[in-house]
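The values are calculated or read from the model by the stated rules, or taken from the named source; none is laboratory data. Remember, it's a predicted structure, so these values are computed and weren't measured experimentally. Positions of Cβ are backbone-derived with ideal geometry, glycine not excepted, and every protein chain shown enters the neighbour counts. Note: accessible area is taken over every heavy atom of the protein model, side chains too, but ligands, DNA and RNA are not part of it. Shrake-Rupley method; radii C 1.70, N 1.55, O 1.52, S 1.80 Å.
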Amino acid sequence: MRISLRTFLGGLAVASFATAALADGEVNIYSYRQPQLIEPLLADFTEKTGVKTNLLFLDKGLVERISAEGENSPADVILTVDIGRLMQAKEAGVTAPLQSEVIDGAIPAEFRDPQGHWFGLTTRGRVVYASKERVEQDAITYEELADPKWKGKLCTRSGQHDYNIALIASMIAHHGPEKAEEWLIGLRDNLARKPAGGDRDQAKAIFAGECDVALGNSYYVGLMMTNEKEPEQKDWAAAIKVLFPNAQDRGTHVNISGMSLAKNAPNRDNAIRLMEYLASPAAQEIYAEQVYEYPVTPGARPSAIVASFGTLKPDSLPLAEIARLRGDASILVDKVAYDDGPAN
Ligand SMILES: [Fe+2]
């Protein structure tokens, strides 16, 4: 149901975008992020600057579409989630390098592309969801998830999902390929079941007593806690506590949502104004309130719900380094047959 609704929304947006006369100077945004998450920000931007925006929401094929539109693409700004997708846009050649003192001053270097092809806007921690009832400890490390004490107690989604690929890439960066492989085998053998579903399904499995610990992105906890459409998700959230892995040492692995300037942006100047606005602390807080993520700009606060999980200390490993190792991580997932579940 959700998929068809999103497709429908996408179709609507595409239709209106194609038929609307795109006025000069208005910033055209191609977004993988849902309109309701972005619209409060765009309204604030227009109020502050007088610059209008047009939002095109797509749930797939965004990069392919901009590529197909070529030099005539109306795309000015690209909004997306996950370093994997930001890199995909850069590698497809649909982004332009941007040097902006305002943006570079607001966004820490580890969360932006050294060449300026993408910039992080929010971070999300890859945290551990732990059963409130059955897990006593309040601290954990990613390394510890491979400890046999969790045998039959761990749940995760597919190892090949972008979120896990980035985490595994960070383990390769920190420990080297051999140790990372050993670790992933340990994780696999602790699985309670074959990897399946999304991150929220892992919280549901803890609620159902199928596992005690799971990997999941931090914002899903906020989304579950406040889900009026599917209120059973509130029960899943109530069954878990959020543990920030490696809080005592290198910090928790984070990924980003982010933005890029489109290569052939027809409204380049205003596109940069929008991007500079999105990097500002005021915009960062509006954004963080909507998406239950962490502002990337130092000093901007997360929402009260997110703050209630505790303090996120992000791993400072550059995202560009994680992006570089994504291919190796994917090969490793297949090599250890992670998605087949425990070997014994
Ligand atoms: Fe997600």
Can you give the accessible area of Asp249 in Å² (nearest 10), computed on protein heavy atoms with a 1.4 Å probe?
-> 70 Å²
Dipole magnitude of the chain about its Cα centre (Cβ charges: Lys, Arg +1; Asp, Glu -1), debye to nearest 20 = 460 debye
Exposure of Tyr287 as accessible area (Å², to 10), given a probe of 1.4 Å and all protein chains | 10 Å²
Theoretical ellipticity at 222 nm over the chain - DSSP helices of four or more residues, -39500 (n - 2.57) apiece, nearest 500 = -12500 deg cm²/dmol
In the chain, carbon and sulfur make up what percent of the accessible area (probe 1.4 Å)?
-> 52 percent
Tyr129, Tyr220, ranked by accessible area, largest first (probe 1.4 Å) = Tyr220, Tyr129
Taking only protein heavy atoms and a 1.4 Å probe, the highest-to-lowest accessible-area order of Phe119, Phe309, Phe207 is Phe207, Phe309, Phe119
Per residue, in Å², the accessible surface of the chain once ligands and nucleic acids are set aside, probe 1.4 Å | 42 Å²
Paired Rg and Dmax values of the range 72-219, which use every Cα atom, in angstrom = 18.2, 58
By the scheme Lys and Arg +1, Asp and Glu -1, what is the net charge of all other residues having a beta-carbon under 11 Å from that of Ala271?
-> -2
Report, please, the projected area of the chain averaged over directions, based on the convex hull of its C-alpha atoms, in nm².
-> 16.7 nm²
Where Lys and Arg each count +1 and Asp and Glu each count -1, what net charge lies around Val51 among other residues with Cβ under 12 Å from its Cβ?
-> -4
Where both partners of a DSSP beta bridge lie in the chain, what percent of those bridges are antiparallel, to the nearest 5?
-> 70 percent
Options Ala343, Ala239, Ala271, ranked by Cα towards positive dipole end of the range 205-344, top entry (Cβ charges) | Ala271
How much net charge surrounds Asp249 when only other residues with a Cβ under 12 Å from its Cβ are counted (Lys, Arg +1; Asp, Glu -1)?
-> -1
Put Leu184, Leu22 in order of accessible area, largest first, 1.4 Å probe: what do you get?
-> Leu22, Leu184
Only Lys, Arg, Asp and Glu count, each charged at its Cβ (+1, +1, -1, -1), so figure out the dipole size of the range 73-145 about its Cα centre, rounded to 20 debye.
-> 240 debye
Measure off 7 Å from each Cα along the Cα-to-Cβ vector at Lys234 and Arg268, then give the distance between these two points in nanometres to one decimal.
-> 5.1 nm
Round to the nearest 10 and report in Å² the accessible area of Thr53, as given by a 1.4 Å probe over the protein chains' heavy atoms.
-> 30 Å²
If you take the charge dipole of the chain about its Cα centre, with +1 on Lys and Arg Cβ and -1 on Asp and Glu Cβ, which of Leu223, Tyr30, Ser100 is farthest toward its positive end?
-> Leu223
Among Tyr163, Ala192, Pro177, which residue has its Cα positioned farthest towards the positive end of the charge dipole of the range 129-200, with +1 placed on the Cβ of Lys and Arg, -1 on the Cβ of Asp and Glu, and the dipole taken about the Cα centre?
-> Ala192
